[in-house]
């Protein structure tokens, strides 16, 4: 399976600012996904990021709030804009497995706290 | 559309006892099914998956799950719990056409010595 890293691992941000989260994979992958895990809850898909095209957002998530970049097959960023305390969550990226595209593998997550 | 229901948000077992985590799914197409484990302050690790073929699938750390289409279930079991099994477990389903995962609410497992 792919080795996935995320930066930062955690951050504390002030209300109204933005945080950009990086996701790096050690091999080329077709699909990358971004999830949000609110405190004590399950994971919710934010968007799918494919290289060379606009990200596809799930219901309830919009590009202005969660802009995503996918400049190549090993890297993606998620920005959480205009932060409010309700954005305090763990944000995880995942990728489809090389040679096993039916399976997603997850990064370690970024824990965001908004004050 | 897919959805997952995990019965029981918390399960407590004694070390050496059977671990049984229940998962039922709803899907409009033949689903792909997954179990992931999340240890404290970590990301998700794949335990096992069912896509096609044999309905009893074996995963890492001694876990296994059985796909039962008639019951729309994919329950996770481990014959003998170990202290290191304490974690949160998520059942997930995906549509083979787009691979988007829908997760259950999760089950927290505690293991008593």
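Residues considered: B:16, B:53. Of these, the only one that is over 28 Å from residue A:39 (Cα atoms), out of contact with any helix residue (DSSP H, G or I) (no Cβ under 9 Å at 6 or more places or on another chain) and modelled with pLDDT of 95 or more is B:16. Within region A:74-108, restricting attention to residues that are modelled with pLDDT under 95, assigned to a loop (DSSP other than H, G, I, E, B) and in contact with a strand residue (DSSP E or B) (Cβ under 8 Å, 6 or more places away or on another chain), the residue that is surrounded by the most Cβ atoms within 10 Å (Cβ to Cβ) is A:107. Taking region A:25-58 as the region of interest, how many residues are in a loop (DSSP other than H, G, I, E, B), farther than 12 Å from residue B:100 by Cα and within 11 Å of chain B (Cβ to nearest Cβ)? Of the residues in that region, 4 qualify.
Within region B:17-45, restricting attention to residues that are assigned to a strand (DSSP E or B) and surrounded by fewer than 19 Cβ atoms within 10 Å (Cβ to Cβ), the residue that is nearest to the other protein chains (Cβ to nearest Cβ) is B:45.
The values are calculated or read from the model by the stated rules, or taken from the named source; none is laboratory data. All of these numbers come straight from a predicted model, not from anything done at the bench. All Cβ positions, even for glycine, are placed from backbone atoms using ideal geometry, and neighbour counts span all protein chains on display.
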